[in-house]
Amino acid sequence: MDGYCLRGQLNRARRIFDILIDKGIEPNIFSYNILINGYRKKKKLAEAMQLFGKISQKVSKPDNVTYSTILQGLFEVARTVEAKQIYAEMLFAGTKLNIYTRVTLLNGYFKCGLVEEAMSLFNKLERSGEYTNNAFYNVVINGLSKNGKLNETHVVFEKLSFLGLFPDVRTYTIMINGFCLEGLLDEAKDILRKMEDNGCSPNNVTYNVIVQGFSGATKLVKWHLL
């Protein structure tokens, strides 16, 4: 099933899934997750949601992977109301959210322009003290930057040093990209200098952002960078 889904051959994957049921072998949550993710990748949300609805009838309950996959699929097509409903169901069911699901929510909110919801979740998670690493803060910095919230982006960026965290190449590249998108090239150069002063070497993505930003082709990297 997983192999067929990776190749985009969903009909064959679904056939195997149905054969299992016909033979009296009930697919487990892992099988459901594979097929749901396959449908998500092909934007077949109706089929994914139909399988999602069957899980509680057939197996115990959806897990973090299931919820994260469904949430990602809904956010990808901007079905934010349904995504919020799924999130509410998840909380009501008592599912303990892991970092992957939290990041999926943050990315989804930012992607759909729901900055207030994203920052509300970010502040809640930050207060809990569970997620204090670069990857978590990079998601927030990236989301704020792509939504043109440069002041807020800079606040979160500067907060890293107070938390004992050091910006990595991804963090710096996000910041440079954000300034380039807004045409703030001097600020982008300042971040690049700070990056080099702190011993963090730019990578190919960083250089591509700088070249495109300074050539005026910033729109090419707006939703493509990270």
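The values are calculated or read from the model by the stated rules, or taken from the named source; none is laboratory data. None of these values were measured; they are calculated from a predicted model. Backbone-built Cβ (ideal geometry, glycine too); neighbour counts: all protein chains shown. Remember, those area values only see protein heavy atoms, side chains included, never the ligands or the DNA or RNA. Shrake-Rupley method; radii C 1.70, N 1.55, O 1.52, S 1.80 Å.
Some notes on this structure:
- Flagged links, alpha-carbon separation over 32 Å, of Lys84/Lys189; Lys41/Lys159; Lys42/Lys96; Lys111/Lys159; Lys23/Lys111: Lys84/Lys189; Lys41/Lys159; Lys23/Lys111
- Estimated distance in nm for a label pair at Ser56 and Glu26, the labels positioned 7 Å out from Cα along Cα-to-Cβ: 1.6
- Whichever aspartates and glutamates have a C-alpha closer than 12 Å to that of Lys43, once near sequence neighbours (fewer than 8 apart) are set aside: Glu76
- Dipole-positive endmost among Ala188, Asn203, Leu105 within the range 104-204 (Cβ charges, Cα centre): Leu105
- Inter-centroid distance (Cα atoms) of the range 44-66 relative to the range 86-104, Å: 14
- In order along the range 167-172, the Karplus-derived 3J(HN,Hα) couplings, from 6.51 cos²θ - 1.76 cosθ + 1.60 at θ = phi - 60°, round to x, 9, 4, 5, 4, 4 Hz, and Gly and Pro are given as x.
- Charge dipole of the range 126-209 (Cα centre as origin; +1 on each Lys and Arg Cβ, -1 on each Asp and Glu Cβ, all else neutral): 140 debye, rounded to the nearest 20.
- Degrees between helix 150-162 axis and first principal axis of the chain (Cα, 0 to 90, nearest 10): 90
- When the chain is described by a simple charge dipole with +1 on each Lys and Arg Cβ and -1 on each Asp and Glu Cβ, the residue from Leu160, Ile16, Ile70 located farthest towards its positive end is Ile16.
- Taking the Cα centre of the chain as origin and assigning +1 to Lys and Arg Cβ atoms and -1 to Asp and Glu Cβ atoms, the resulting dipole is close to 900 debye.
- Sequence-distant contacts, meaning Cα pairs under 8 Å at least 6 residues apart, place the relative contact order of the range 79-226 at 17 percent.
- Derived scalar couplings ³J(HN,Hα) [the range 67-76; Karplus, 6.51 cos²θ - 1.76 cosθ + 1.60; whole Hz; x for Gly, Pro]: 4, 4, 5, 5, 4, 4, x, 5, 5, 4
- Once you reduce the range 126-186 and the range 1-33 to the center of their Cα atoms, the two points are 40 Å from each other.
- Accessible surface, the chain, averaged per residue in Å² (probe 1.4 Å): 53
- Taking the C-alpha atoms only, the angle from helix 10-22 to the longest principal axis of the chain is near 40 degrees.
- Each helix, a run of at least 4 DSSP H residues, gives -39500 (n - 2.57); summed and divided by the residues of the chain, these come to -22500 deg cm²/dmol at 222 nm.
- Across Asn33, Asn64, Asn151, mean-square fluctuation computed from a Gaussian network of the chain (C-alpha pairs under 10 Å connected) peaks at Asn151.
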